[in-house]
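Notes to accompany the following structure.
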Amino acid sequence: MIKNRFQYLAPTSVEEAANLLAASPGDTEVIGGGTWVVVEMTAGDRDPRRVIDLKNAGLRYIREEKGAVVIGARATYTDVVRSAAAAKLPALVAMAAGVTGGGQLRNRATLGGSACYGNPSSDVPGLLVGLGATLTVRSAGGTRSIAAADFFTGPLRTALQTGELLESMTIPVPAGMKQGYYKFKLAESSWPICTGTALVGADGSATVTIGAANCRPVTVTGSASDLDGLARAAEAAITSPFSDTLADGEYRKQIAGAIAKRAVKAAV
Amino acid sequence: MSVASPYPKAVPEANRYIGQRSRKLKGDQFLTGKTEYVNDLELLGTVHMSVLRSPHPHARIRNVDLSRVRQDPRCISALDGEEAKQHADPIPHFISAAVFGGKYNDVRVIATGKVTYRGQIVAAVVAPSRGDADALLDLIDVDYEVLPFVLDGDEALEPGAPLLYDTEGWEDNVVIRIPFVEGDFDAAAAGADHTLEDTFYHHRYSTQPIETRGYIASWDPRAEAYTLHFATQNPHPLRWVLSAALRVSEAQIRIIAPTIGGGFGLKMPGHPEEGLTCVFSRILGKPVKWIEERDEALLLGAREHFHRFKVAFNADGKIVGLRNHFTANVGSISACPGWGMAFLAGLSFPTGYKIPATDVVVTAVTTNKAPWQAARGYGKEGPQIVMERIIDLVAEATGIDPAEVRRRNFINKDEFPYKTNSGLNIDSGDYHQALETALKLLDYDGFKAKQAAALAEGRHIGFGIAFELTPESADIPGTIVGGYDTSTVKMDPSGKVTLLTGVTTPGSGNDGGIAQIVADTLGVDLDGITVIQGDTDICPYGFGNYSGRSMVSGGNAALLAARDIRVKLSKVAAFMLEAAEDDLVFDQGKISVAGTDKAVAIKDVANVIYTLAFATAHMVEPPLEATRVYKPDNIVHFPDEKGRIQPYPTYSNAVHVAIVEVDTETGKVDLQRFGVLHDCGNMINPMFVEGQMHGAAVMGFGAALSEECKYNADGSLAADRFKTYMMQRANEIPMVEVEHQVTPSPFTLLGVKGAGEAGVGGAAGAIINAVNDAIRPTGARLRRTPASPIHVLAALKEAQ
Amino acid sequence: MSDTIHIELTINGAAKSADIDPRLLLVEAIRDTFGYKGTHIGCLTGDCGACTIELNGEIEKSCLVLAASADGGEIRTIEGIAPDDGGLHPVQQAFWDEYGFQCGYCLPGMLFAALDLIESNPTPDEAQIRHAISGNYCRCTGYNNIVTSIQTAAQRMAAAK
């Protein structure tokens, strides 16, 4: 049982949610699926006075818009797996289908929530950076867009300002490029330890974004025909390796090259 | 020395149930959500307890200030350690190291004076809801004098290491040092063709049933008695523990263990929260409930051993000497039986191998980690892993096939009962045959070619073998760990049977197994038997669940009790049928005369015994109730000429085989196939036995690959939830392929041996050997558990 | 701020409402407010699956959901799996016949994951079954007999069609 009392709010539009958040942003938590915030509240690690639940705010959608897939902040991993629009992004679908925790977890957890949590050791940051996503955030004053590469600023840190909440993520469909996603975990129960999101062009040019290994996702470019070169580049790009209880940064850096190669192989 | 059995050996003739795969009793209730676990009970007026745990691994408690919490309207009651002392004495140690010449320290329901681990209880509160109680903890102010701490077992043994206990007798951090020495190791080593030395680190991991611990204590001020609904494996022993700590007689305590959601040792007695809920209940006159949270359950660990061994062996692979002086980092001292696993780890060497000279010394050392608690295998699992590593190292050194080295060192089947160097009297077995069957299970002979082909493609696959000896059904002298148990069988006037027994089930289904024995003995339907366990006011005295003892002790006791009932039924039926007793057959609810169509329903005979006691049933004494104890043979507690005792009646064994592939780029181990040949003597229900092996083996997979009680440098537990304490999930493991071999125990009535603990150490040992087999071409060697990607990659890098 | 919040739900077909403490997790409301104790608590971190229910047709871990957040929802718990005639659902029957559980604590997760799987894939293979139950921990069975139970259930259900 959560130890301290709080006010529960379920606004019916994103504008209303932003206005509610603006009223007292310092002691308010916003929940999408809630799979991280609720757990931390239960554990006493977060202690808000108000909770804004986005369930009725109209943010559970995935649609195609101008060559991109737009994902509402409240869309779940299962929504992604079932979405016709998201099927244009096989790397995204592979990532969503591979999220640990069973169907129960994928039915509730959201990409948006994971993005806002900003845990380096997870799937979403590396994938969004790797696919060149843009995040739309809303405050009482309106919306602004942030490139994924700028959104994830460090371990458990994002570019979200006080009073802002995530509205949607826009992922361009990479025309003429093959996509690959590879995730390495220590065991099934493990958080991602190193992920690779690869885009491979018809000419063999390859871009690989390594997630979970560095404090912020890192992107390297090279050729799909020179995997060893890509691997070396990936390892070298890990300049501020991320450490947590499961794995220290040194280990993550050691395997980053192998993961980069596997992501490219998954794409071609 | 073996004492002749006073019990006639016989199995019931019908065997409708014994040896059959009968389904779990009351399975439909579990499957429809009707089963009640402790957290499901709602007692009127229940209030909720939460405990404040030390944020420091080692500190002196200068002051606990409860004034702010007591002013809060949500606070019903609050206590610190000094106040709790007014209400409770130290908790008796379930297995005291002092009994074996080791050291002792008082353990109380709330710490006083000092805390010696992060997570130790320093205060407790009671509130109307658990949420409120948790919130109140923030209002408790504790003033600590922080002390230097030590987490590593070897460091704790160094001169100048922080001393955990400043009470009398604690001149160092050694809890106990126990030698198991037989023969002259140095002479053996001098005479051997070869010796090798190496180390092995067996890491700390834990039990983690999905249901955590939970207690609801109710003091009735009018009756001056407690009723305790406790998720415990051992109701009667716990009653003894609590009676001493709470200053009441055992008769003033009734413990009722509801359905348990898994035990594995965690729910054995000695936990401070057991007594603490009682203290509050007595103060308040209300039921006080406490349900353990997962981060609390993860505090309690097991098995952190550092082995330094030297092996002497000849060119033919015969091992002639083993020296292993190892430390066991048992964490802080608790009243739980955890530390005893260090003792049994030493006692279990050298498992099922004949080694003339052994010099095994275990040093149990206390550190500022949280205490150990009993864990499936109870110390016997560690030696399996280390011995099996040693066998493979000898194979590597001599160039002899690892299976062949095992064959050359096993105890032969015609040598049983076999007395080991540590004094264990192994009952029976056929280890050579067990090995052959296990090897066939995964096509050992064909593997070498597959391995070579894989290696040619750059893939590293490996085959691992591990023999496992599991001493079971312990009786530890001078402690409340009994090897005997008691069962009562009652047949009511309508012919239905109620079975009460002192053994309890943590979920394994031993209630069904014991009922199968009774059903066959009496010739009645299994469906008509009601089993009652876990209630100290109703059930006969017994020790509950541990050490694979349920069939050996409770099952055989039920057989004896059922036979007593059967004797009465037989006499009366013979009179009714005008037949000789020897001609009667008990089956399908009827007693019939062999070779005729004459029969009488058992329920009618039962009715006659109750209602015609002075007529038809004049020759027997009603009612149809019998209580019997079964003391298995082969336990010997008079020390032999070398001072050794023999605490186990039965010795199950198994041979585990594993095939793994190691990803040398990441260090990740993929367990591809796993098989086990298991021999626990006669089986009452093979399905239940297999279920035990499946679960234990997969715990062993976790031990070998992913589960780890990691600590932070500041002394806090890093792996404090299931996101960091990683147990195995269904989609990363193969089927556990089980085959049986049956060498009945000559020392138990039904020929059964213990089942339930075997698997953890054997499975882990096979996997560690398989990993080493896979990475051998790289020159790497893994000298520790778990074979997690990080440790395997480190071993691979070291070899580069 | 108000001390309680009013919620209305359907649980196993029955309409339920209560004024609840907003601190309650859905699993706590299901168990303690509405009395369906068959849904269990094992970790409160969304890892073990013992608190699994069906919410609006999808399986979920009810420790991850605020009770207030489930307002208006249609819930099925383990108590609502068996048919009304007092018998067992074929999945439950198979778990009993194949010894697919020991202590029984993990059953909410295992049964709902099995039902969810068989509904979308009536002939699952071993790997698909293992994937489907991977959100649940079982500490007793090593998953062997759970896999077998689900295979048996799927076969029986397919044969009965």
In segment B:517-549, the residues that are buried (at least 23 other Cβ atoms within 10 Å of the Cβ) and within 14 Å of chain C (Cβ to nearest Cβ):
B:GLN533, B:GLY534, B:ASN545
Would you call C:ASN121 out of contact with any Leu (no Cβ under 7 Å at 6 or more places or on another chain), crowded, with 24+ Cβ neighbours inside 10 Å and either outside the structural domain of C:GLU28 (by TED's automatic domain parsing) or within 19 Å of B:LYS34 (Cβ to Cβ) (or both)?
no
Working only within segment C:3-52, note down all residues that are under 19 Å from the mean Cα position of the chain (by Cα), at the interface with chain B (Cβ under 8 Å from one of its Cβ atoms) and either crowded, with 24+ Cβ neighbours inside 10 Å or touching a residue at least 12 places away in the same chain (Cβ under 8 Å) (or both).
C:TYR36, C:GLY38, C:THR39, C:HIS40, C:ILE41, C:GLY42, C:CYS43, C:LEU44, C:THR45, C:ASP47, C:CYS48, C:ALA50
Listed residues A:LEU105, A:LEU92; which is more than 14 Å from every other protein chain (Cβ to nearest Cβ) and either touching a residue at least 40 places away in the same chain (Cβ under 8 Å) or in a helix (DSSP H, G or I) (or both)?
A:LEU92
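Suppose we filter segment B:81-98 for residues that are outside any helix (DSSP H, G or I) and surrounded by fewer than 22 Cβ atoms within 10 Å (Cβ to Cβ); how many remain? Please lay out each step first, then the result.
Narrowing segment B:81-98 to residues outside any helix (DSSP H, G or I): B:86-96.
With the extra rule that they be surrounded by fewer than 22 Cβ atoms within 10 Å (Cβ to Cβ), the set shrinks to B:86-87, B:89-90, B:92, B:96.
The qualifying residues number 6.
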Qualifying position, being outside the structural domain of A:VAL124 (by TED's automatic domain parsing), of a type in the set (S, T, N, Q) and either free of Cβ contacts under 8 Å to residues at least 12 places away in the same chain or over 30 Å from B:ASN731 (Cα atoms) (or both), among A:THR197, A:THR209, A:THR221:
A:THR221
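Is it fair to say A:GLY126 is more than 14 Å from every other protein chain (Cβ to nearest Cβ), surrounded by fewer than 20 Cβ atoms within 10 Å (Cβ to Cβ) and either touching a Ser or Thr at 6+ places or on another chain (Cβ under 6 Å) or part of a loop (DSSP other than H, G, I, E, B) (or both)?
No, not satisfied.
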Suppose we keep only residues that are of a type in the set (A, V, I, L, M) and crowded, with 22+ Cβ neighbours inside 10 Å within segment B:706-735. Which one would you say is farthest from the other protein chains (Cβ to nearest Cβ)?
B:LEU717
Conditions (1) among the aliphatic types (A, V, I, L, M); (2) crowded, with 23+ Cβ neighbours inside 10 Å; (3) not assigned by TED's automatic domain parsing to the domain that holds B:PHE747 -> B:MET693 fails only (3)
For segment B:652-668, which residues satisfy the criterion of being buried (at least 24 other Cβ atoms within 10 Å of the Cβ), closer than 13 Å to B:ALA795 by Cβ and among the β-branched types (Val, Ile, Thr)?
B:VAL662
Looking only at segment A:256-268, and only at residues there that are of a type in the set (A, V, I, L, M, F, W, C) and under 15 Å from A:VAL220 (Cβ atoms), the one that is farthest from the other protein chains (Cβ to nearest Cβ)
A:ALA267
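Yes or no, residue by residue, for (1) among the hydrophobic types (A, V, I, L, M, F, W, C); (2) in the same structural domain as C:LEU55 (by TED's automatic domain parsing); (3) under 18 Å from the mean Cα position of the chain (by Cα):
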site	(1), (2), (3)
C:GLY104	no, no, yes
C:LEU115	yes, no, yes
C:SER134	no, no, yes
C:TYR143	no, no, yes
C:VAL147	yes, no, yes
C:GLN151	no, no, no
With segment B:278-337 as the region, which strands (runs of 3 or more DSSP E) entirely inside it contain at least 3 residues that are modelled with pLDDT of 95 or more, buried (at least 24 other Cβ atoms within 10 Å of the Cβ) and within 21 Å of the chain's Cα centre (by Cα)?
B:319-331
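Regarding B:VAL64, is this residue on the phi < 0 side of the Ramachandran plot, within 30 Å of the chain's Cα centre (by Cα), outside any loop (DSSP other than H, G, I, E, B) and crowded, with 22+ Cβ neighbours inside 10 Å?
Taking the combined requirement at face value, the residue does not satisfy it.
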For segment C:103-120, check the following and say yes or no: at least one residue is farther than 23 Å from A:SER190 by Cβ and charged (D, E, K, R).
yes
Counting only strands (runs of 3 or more DSSP E) entirely within segment A:1-87, those with at least 2 residues that are touching a residue at least 40 places away in the same chain (Cβ under 8 Å) and among the small types (Gly, Ala, Ser) are A:68-72
Being of a type in the set (A, V, I, L, M), at pLDDT 95 or above and in contact with a Gly (Cβ under 9 Å, 6 or more places away or on another chain) narrows it down to one residue among C:LEU25, C:LEU55; which is it?
C:LEU55
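The values are calculated or read from the model by the stated rules, or taken from the named source; none is laboratory data. Here the structure is a predicted model, which means the values were calculated and not measured. Every residue, glycine as well, gets a Cβ built from its backbone with ideal geometry; the counts of neighbours run over all protein chains shown.
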